[in-house]
Each structure stands twice: as structure tokens, then as C-alpha cells.
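First the structure, in the form of C-alpha cells, and then the observations on it.
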Amino acid sequence: MLTLTKSLFALMIGFIISTIFGVILIPILKKVKAGQRINVYVDAHKDKAGTPTMGGFIFIIPCIITVVLLLLTGKMDYSVNLFITIFVFISYALIGFLDDYISLKHNTNKGLTQLQKLFLQFIVALVFYILMRHYGDGDSVLRITFFNFEWNMSWFYGLFILFLLVGTSNAVNLTDGLDGLAGGLSAIAFLAYGLISWGSYWISGYQDIGIFCFILVGCIMGFLVFNSHPAKVFMGDTGSLSLGATLATVAILTSHEFSLAVVGGVFVLETLSVIIQIFSVVVFGKRVFLMSPIHHHFERLGWSEGDIVKCFWIVGFMLSLLALIYGVWL
């Protein structure tokens, strides 16, 4: 009950600081003309051109501030696993910021090249692996408890970490195409992993990882005050890459890697829709979807943006409940 109370308190503090920070940051982003360029192939989005981006700082900075406050007041305890989580959170935020900054500087949607992004992400994954193996209590064993399956991946586990970090961060990035979509789904996913972390008693700092997830949920909710339709700010790669990589990090540290595909089921669906579309066009010369990612397909079908977001949130919520049944109960 004490952990639950701490987590709810942390969520509330994160929400308050994030909301206040949003009121301060958005005018600054407008002043420096950090406006988002919009995909011209989506007619309904033309009015969004010029909306400030890099809004991910609205939940990133308040999240770090809240963690520091709780650590200093003794409401959270330091652990290597908490440090790894925060390290990935900040590192991917910086990668995303660099990508956003280059895009804005050159007035285009192209920032870092894929090779540059992959190199930076590889460095973060390598540091993650070293910290986990030598200073944390993690191992290189991939487990599927439901089937009583264990596989010692040895050094290959480092590549597996890279795959999860890159895959999940890019999946959230692809999903960030409608007002509130990626933010709402991320809040639901971190809420689920906060609860899963509480049950991961075999790792050090499991309660504090859970509290961190709840802090992030509160901060994302504060961001959604400004990002819900009609959005006053977009999270940009600064936010989406950070959220996806941190989600993967918590899944890895709690040994619930496969639950990630369920909790982040909508993110997976968005990514698969892009892969299927590209494969179908290249191989067969035909489109499977009217437009990808799949949320744009529903827009082309005539669905309103609000209805798509609410539908995807519900699907994400139900998938998270299924993952919780497996991750906490079974």
C-alpha cells in the first residue's frame, strides 16, 4: 500500500510540474520558431503546419525534476537499474533532440541519417549492456515463464537489447502522427509496466522503477493537456524516441521482453503496417492500405482524428490488461 501511495503521489507531482512547464515552454518554442513541417499527403493536417515541435521536453524535464526531488527527500531509493532506466531515457531524448534540431535548422523533415541514428543508438545499447551485466543484477537469459523456457543468449543479448531499443523507439515515432495518439498509448503502456515492475521483486530497485513509470505517466498526462486535439505542441523525435526506448528498457530490466509486444501492441501494428505496405508496393506493385502507418489508413476511410485516437487508446488499454494478467498473475 505504501508503494501504491508513493506512486500515486509521484504521478500527481509529475502531472503538476509537467503542466506548469508546458505553459512556460510552448511560448518559448513559438518564439524560436520551432514549427513542425507537415506531411503534404495528409490534407486534413495542413492546418497543423507550424505547430511547435520538441514538446517532448514537457514530460522529459519534469520527469527528471520529479525523480531528483523524490530521491533527495527519500521517497525513492537509488539503484543501478533506476540509473540505467534514466540513462536510456535521457540518451534517447538527446538523440531525438539532435534529430529535431537538424530538421528545424535545415527547414526539412530530414534530420539525422539512419546510419547516424543507428550508431548513436548502438552506443547507448552497449553502455546499457555493460551497466546491466557488470553493475546490475541482469543476465543474458531470455525467459518465457509461461512455457518454462530459458535461453542463455550470451553476448548476442547485447544485440537483442539494441533491437528492442531501436525497434520500440521507432515504433512510437511512427505512431506519433495524430494529436495525443502516441502520448496516450505511452501513458497506458507505462502504467502497465509500473504495475509489472512492482511484481518484479527479483531485481534491485524494482519498486523505484515502478515509481519512475508512474512519474512518467503523470508527466505524459501533463503533456497531453497541450497535445490532445487540437494539439498546441508535438512531442517530436525528442519525445517519441525517448518514450519508446525507455519502455523497452523497463521491459528488459524486469525480464518481460515479450510482454512488450502486447503492451505496445498498437505500436507493433503501426510498424507492421508500414513494413507490409513497403513490401507489397515493392514486390507486387500494389498497396495494402490506403496510406501507412495504419492510423492514416483510417483517416482516408473518413474516420475523424478524435475517433481514431480514442479507438487506438481503447485497444492499447485492453492489450495492456492482457499483458498484466500474464506479467503479474500467471
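Structure summary
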quantity	calculated
Per-region count, region 31-59, residues assigned to a helix (DSSP H, G or I), open to solvent by 10 Å² or more (accessible area, probe 1.4 Å) and modelled with pLDDT of 85 or more	2
Members of region 1-15 that are modelled with pLDDT of 85 or more and loosely packed, with under 15 Cβ neighbours inside 10 Å	T5, L8
Of all residues making up region 260-279, the number that are closer than 13 Å to L164 by Cβ and surrounded by fewer than 22 Cβ atoms within 10 Å (Cβ to Cβ)	2
Subset of region 224-252 (residues that are among the aliphatic types (A, V, I, L, M) and open to solvent by 10 Å² or more (accessible area, probe 1.4 Å))	L224, V225, A231
Given (1) among the small types (G, A, S); (2) open to solvent by less than 30 Å² (accessible area, probe 1.4 Å); (3) within 13 Å of the chain's Cα centre (by Cα), index of the condition G167 fails	(2)
Residue that is modelled with the lowest pLDDT, among those in region 292-330 that are surrounded by 15 or more Cβ atoms within 10 Å (Cβ to Cβ) and of a type in the set (G, A, S)	G327
Subset of region 49-82 [over 12 Å from K6 (Cα atoms) and of a type in the set (G, A, S)]	A49, G50, G55, G56, S79
Residue count, region 194-242 (criterion: within 17 Å of L82 (Cβ to Cβ) and under 12 Å from the mean Cα position of the chain (by Cα))	4
Search result, residues across region 88-120 that are open to solvent by less than 50 Å² (accessible area, probe 1.4 Å) and part of a helix (DSSP H, G or I)	V88, F89, S91, Y92, A93, I95, G96, D99, D100, I102, S103, K117
Sole exception among (1) within 29 Å of Y193 (Cβ to Cβ); (2) hydrophobic (A, V, I, L, M, F, W, C); (3) free of Cβ contacts under 8 Å to residues at least 60 places away in the same chain; (4) open to solvent by 50 Å² or more (accessible area, probe 1.4 Å) for V288, by number	(1)
Residue check for C213: farther than 23 Å from I325 by Cα and crowded, with 24+ Cβ neighbours inside 10 Å	no
Flag for T19 being modelled with pLDDT of 70 or more, hydroxyl-bearing (S, T, Y) and either more than 22 Å from the chain's Cα centre (by Cα) or assigned to a loop (DSSP other than H, G, I, E, B) (or both)	no
Number of the condition not met by W202 [criteria: (1) open to solvent by 10 Å² or more (accessible area, probe 1.4 Å); (2) within 24 Å of G306 (Cβ to Cβ)]	(2)
Hits in region 172-183 (condition: among the hydrophobic types (A, V, I, L, M, F, W, C), modelled with pLDDT under 95 and not in a loop (DSSP other than H, G, I, E, B))	L174
Residue match in region 129-141 (condition: open to solvent by less than 20 Å² (accessible area, probe 1.4 Å), closer than 26 Å to G55 by Cβ and not small (G, A, S))	no
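The values are calculated or read from the model by the stated rules, or taken from the named source; none is laboratory data. On a predicted model such as this, the values are computed, not experimentally measured, just so you know. For neighbour counting, all protein chains shown are included, and Cβ atoms are generated from backbone atoms with ideal geometry for every residue, glycine included. Just so you know, the surface numbers come from the protein's heavy atoms only, side chains and all, with ligands and any DNA or RNA stripped out. Shrake-Rupley method; radii C 1.70, N 1.55, O 1.52, S 1.80 Å.
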